[in-house]
Ligand SMILES: *Cc1c(COP(=O)(O)O)cnc(C)c1O
Ligand code: SF4
C-alpha cells in the first residue's frame with residue numbers, strides 16, 4: 001500500500017494529463033486556462049481511478065476539472081460568500097452554535113473542488129494556536145464537542161494530531177471530537193491504523209464526517225478502512241453538496257445514500273451550494289432542491305435521507321430546507 005503522503009505528492013496537477021488518462025480532449029470538455037489560473041487543478045490518482053474513461057460528463061470530472069463555465073460572472077455569486085471571521089477572538093476558531101466549536105487547522109486540501117468557496121483563498125492560512133484554543137475551551141465549560149474542518153484537517157500528520165488529541169484530553173468537559181474530511185473518498189490511504197490509534201487516545205467519542213457527492217467516490221479500500229475504524233468505535237457520517245451535473249436527480253442521490261450505507265456511512269447533510277464566484281453552473285434552485293428531497297423521501301428509508309441544509313449567516317444552526 002502506498003503511503004498517503006506519496007499519494008498526495010503524485011496527485012495530477014496538469015489537467016492535460018488528466019484528460020489524457022481519461023481519453024478526452026480539451027475541446028470536448030471545455031478546458032479553461034483562465035479557470036485554472038484562478039484555482040489550480042489537483043486530483044489524487046485514487047480518485048482518477050473512480051472516473052469513467054471517455055465520459056466528458058463524468059460526475060467526478062465535473063467536480064475537479066477547470067472548465068470554461070467557471071469564467072462566467074453571475075450576479076449574487078461572490079468571492080467570499082460566508083465571510084467567516086472568528087467570532088470568538090481566537091484565530092482559526094469559530095463558535096457559532098451552542099455546545100460546539102469549529103477549528104480550522106489548515107487550508108490545505110488533498111483535492112481542489114471547483115464548487116468550493118475556498119477556490120478564492122486556497123492558501124489563506126490561519127492556524128489556531130493550541131494554547132489559545134485550550135484557554136478558550138477552559139473558559140467555556142458548555143462546549144462539549146470540537147469540530148475540525150478546513151481545508152482538510154487530515155492533511156496534518158499523525159504527530160500533529162497526537163499533540164492536539166493529548167491537549168484536548170486536558171479539557172474534561174469535551175465529550176466528542178469530530179473531523180470533517182474529504183480524505184475518505186479522495187485518499188482513503190490516509191485512514192491508517194496509526195491515525196486510528198491517535199484518535200483512539202481521545203477521552204470521548206470520535207466522529208468522522210466524510211464529504212462525498214456521488215456513489216462513484218466510494219471504493220473497496222474505503223469500505224475496509226471504515227469497517228476497521230467502526231470496530232474501534234468511530235461513528236461515520238457523510239455530508240454532500242447538491243450540485244448541478246453531479247448529483248442533481250433523485251436516482252443519483254438515492255444511489256449515493258445506498259452506497260454510503262454499503263460502506264458503513266450514514267448520510268447527514270446535503271448542503272445547498274454557497275454562491276461562490278465561478279461556481280454558478282453548479283447551482284440547483286431551492287424549489288427544485290426541495291422537490292428532490294420529497295422524491296428522495298418517497299424512495300428511501302428515513303435513515304438514508306440526508307437533511308437539506310443552508311448555512312444562513314447569523315443563524316443559531318444550519319437551516320433545514322427539506
Ligand atoms: C456547520 C458548523 C457546525 C456544525 O453544525 P452541526 O449542525 O453540529 O453539524 C459547527 N460550527 C460551525 C461554525 C459550523 O459552520
Ligand atoms: S470541498 Fe473541501 S477538499 Fe474540496 S476544495 Fe473545498 S475545502 Fe478543499
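Those residues that are surrounded by fewer than 20 Cβ atoms within 10 Å (Cβ to Cβ) and in contact with a helix residue (DSSP H, G or I) (Cβ under 6 Å, 6 or more places away or on another chain), I need them from the stretch 237-253; list them, please. Scanning the stretch 237-253 gives 244, 245, 250. When the residues of the stretch 299-309 are filtered to those that are in a loop (DSSP other than H, G, I, E, B) and in contact (Cβ under 8 Å) with a residue 24 or more places away in the chain, the one that is surrounded by the fewest Cβ atoms within 10 Å (Cβ to Cβ) is 299. Residues of the stretch 222-236 that are closer than 22 Å to residue 308 by Cβ and surrounded by fewer than 18 Cβ atoms within 10 Å (Cβ to Cβ): 235 alone.
Just for the stretch 31-57: of the residues that are more than 22 Å from the chain's Cα centre (by Cα) and farther than 16 Å from residue 115 by Cβ, which one is surrounded by the most Cβ atoms within 10 Å (Cβ to Cβ)? Working first, answer last.
Our first condition is that a residue be more than 22 Å from the chain's Cα centre (by Cα); within the stretch 31-57, this holds for 31-34, 37, 53-56.
Cutting the leftovers down to farther than 16 Å from residue 115 by Cβ gives us 31, 33-34, 37, 53-56.
Details: 31: 20, 33: 11, 34: 10, 37: 10, 53: 10, 54: 10, 55: 14, 56: 17.
Once the filter is applied, the top-ranked residue is 31.
The criterion of being touching a helix residue (DSSP H, G or I) at 6+ places or on another chain (Cβ under 8 Å) and crowded, with 17+ Cβ neighbours inside 10 Å does not hold for residue 178.
When the residues of the stretch 310-320 are narrowed to those that are assigned to a loop (DSSP other than H, G, I, E, B) and more than 16 Å from ligand 2 (Cβ to nearest atom), which ends up nearest to residue 257 (Cα to Cα)? That would be 318.
For the stretch 68-120, the tally of residues that are more than 16 Å from ligand 1 (Cβ to nearest atom), over 16 Å from the mean Cα position of the chain (by Cα) and crowded, with 21+ Cβ neighbours inside 10 Å stands at 1. Among the numbered conditions (1) at pLDDT 90 or above; (2) within 14 Å of ligand 2 (Cβ to nearest atom); (3) assigned to a loop (DSSP other than H, G, I, E, B), the only one that residue 80 does not meet is (1).
Answer yes or no as to whether residue 92 is more than 27 Å from residue 247 (Cβ to Cβ), modelled with pLDDT of 95 or more and in contact with a strand residue (DSSP E or B) (Cβ under 9 Å, 6 or more places away or on another chain). Spelling it out, it is not the case that residue 92 is more than 27 Å from residue 247 (Cβ to Cβ), modelled with pLDDT of 95 or more and in contact with a strand residue (DSSP E or B) (Cβ under 9 Å, 6 or more places away or on another chain).
Taking residues in the stretch 36-62 that are at positive phi, and partners anywhere that are modelled with pLDDT of 95 or more, the pairs with Cβ atoms closer than 6 Å and at least 6 places apart or on different chains are 54/23. Any residue in the stretch 157-176 that is assigned to a helix (DSSP H, G or I) and under 19 Å from the mean Cα position of the chain (by Cα)? Among the residues of the stretch 157-176, at least one is assigned to a helix (DSSP H, G or I) and under 19 Å from the mean Cα position of the chain (by Cα), which makes the answer yes. Could you list all residues from the stretch 16-35 that are assigned to a loop (DSSP other than H, G, I, E, B) and free of Cβ contacts under 8 Å to residues at least 12 places away in the same chain? Hit for the stretch 16-35 is 25, nothing else.
Residues that are within 19 Å of the chain's Cα centre (by Cα), within 16 Å of ligand 1 (Cβ to nearest atom) and crowded, with 18+ Cβ neighbours inside 10 Å do not occur anywhere in the stretch 123-133.
The values are calculated or read from the model by the stated rules, or taken from the named source; none is laboratory data. This structure is a prediction, so every number in the text was calculated from the model and none was measured. When we count neighbours, we look across all protein chains shown, and the Cβ atoms used for this are built from the backbone with ideal geometry, even at glycine.
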